[in-house]
Amino acid sequence: MASNQHQFILGLINRKIFEYGFSIVFLDGKVSGAFHQKFKFPPSILRHRPDVIGINENGYICIGEAKTKNDLFNKRTKEEFLDFSNYEINGKSCLLIIGIPSSSYNDLNILLNKLELHNNSNIEILSIPDEIINE
């Protein structure tokens, strides 16, 4: 079960997805849409299921992935970042938004460097101040 911190980060990723003009179509979490709209679980993308998937009117896909400090260096996270950041639909790269507590920002950059994803233009990091994250 996802922690309260993970759910809070996921909620902020959802807001960012909306700001970019995407509509959420799949969501794996307790966060629900307006008027308590329920979402279907995301399909697996290669080896793993992302936290959230959005689509815009042009058919571009946005993938959101919330990570806590304890999630960062496990094998699953590495595989998710590699799979989601390199995934294309109809020849278009997907935008990957990674939400992380600010205190883990440097660790995330170290990981992205190790995975050779640090210069990937379709990855955006949403750094959230630790002071506002619920636990």
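The values are calculated or read from the model by the stated rules, or taken from the named source; none is laboratory data. All figures in this text were calculated on a predicted structure; none of them were measured in a lab. Backbone-built Cβ (ideal geometry, glycine too); neighbour counts: all protein chains shown.
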Tally of residues being part of a loop (DSSP other than H, G, I, E, B) and either surrounded by fewer than 14 Cβ atoms within 10 Å (Cβ to Cβ) or of a type outside the set (Val, Ile, Thr) (or both) across region 90-135: 14
Only residues that are out of contact with any Pro (no Cβ under 6 Å at 6 or more places or on another chain), closer than 14 Å to LYS92 by Cα and buried (at least 24 other Cβ atoms within 10 Å of the Cβ): list them for region 57-66, please. CYS62
Being on the phi > 0 side of the Ramachandran plot and among the aliphatic types (A, V, I, L, M) narrows it down to one residue among LEU46, LEU95, LEU27; which is it? LEU46
Pick from GLY21, GLY54: which is closer than 17 Å to ASN122 by Cβ, surrounded by fewer than 20 Cβ atoms within 10 Å (Cβ to Cβ) and either among the hydroxyl-bearing types (Ser, Thr, Tyr) or at pLDDT 90 or above (or both)? GLY21
I'd like the full set of residues that are closer than 21 Å to GLN5 by Cα and either assigned to a strand (DSSP E or B) or touching a strand residue (DSSP E or B) at 6+ places or on another chain (Cβ under 8 Å) (or both), limited to region 73-89. ARG76, GLU80, PHE81
Can you find a residue in region 35-48 that is at pLDDT 85 or above, in a loop (DSSP other than H, G, I, E, B) and of a type in the set (A, V, I, L, M)? yes
Return the total of residues in region 39-75 being among the β-branched types (Val, Ile, Thr) and more than 13 Å from the chain's Cα centre (by Cα). 1
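Right, LYS92: farther than 18 Å from ILE128 by Cβ, under 14 Å from the mean Cα position of the chain (by Cα) and of a type outside the set (Asp, Glu) or not?
Considered against the rule, which asks whether it is farther than 18 Å from ILE128 by Cβ, under 14 Å from the mean Cα position of the chain (by Cα) and of a type outside the set (Asp, Glu), LYS92 comes out as no.
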